[in-house]
Amino acid sequence: MTDAQTYYHGTKASLEAGDLIEPGYASNYGQRKPANFVYLSATLDAAIWGAELAAGTGRGRIYIVEPTGSIEDDPNLTDKRFPGNPTRSYRSLGALRVIGEVQDWVGHSPAQLREMRDHLQHLERLGIEAIDE
C-alpha cells in the first residue's frame, strides 16, 4: 500500500520538477548554519510560512515534494510549540524530490507577517534558535 499524502516545502529557491532539496545547505532561520535536515509539511499553511519567511530575495515558492527517505515529526514545532503535530510538520535526513509547484497560493496578511517576524527577531535577541538541530 502506498502513502497518498501530499507534502509541501516552502522556500525562495527556484527549482524544477525532479530537483532534489537536500540537507547541508544554509538554514533559512537563525544563524543560517548548514541544515542537518530538510523540512516539509502536509499542510499548505505551514509551507506558506516557509515560503514567506525564507531567507533570500526571490519570491516565495511552494513545491509539492516527495521524501526519498524516512520522515519524522519536526521537534522544533511539535515538542516546543504544538504538541501532537497539528501543523503536520516533518523533517528528513534524506532529500526531497520536487514533483510540482503550487501556483495559486495566498500568503498571510502584512500584519500576520510583521507579527511573526517580530517574534523571530525576539527569539534571536534572546539567543534562541528557531531551528534546533
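The values are calculated or read from the model by the stated rules, or taken from the named source; none is laboratory data. The structure displayed is predicted, hence computed values, not measured ones. All Cβ positions, even for glycine, are placed from backbone atoms using ideal geometry, and neighbour counts span all protein chains on display.
What the table below lists for this structure:
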| read-out | value |
| --- | --- |
| Any chance Tyr39 is surrounded by 14 or more Cβ atoms within 10 Å (Cβ to Cβ), within 18 Å of Thr11 (Cα to Cα), of a type in the set (Phe, Trp, Tyr) and modelled with pLDDT of 95 or more | no |
| Subset of region 80-133 [exposed (fewer than 12 other Cβ atoms within 10 Å of the Cβ), of a type in the set (A, V, I, L, M, F, W, C), assigned to a loop (DSSP other than H, G, I, E, B) and at pLDDT 80 or above] | Val106 |
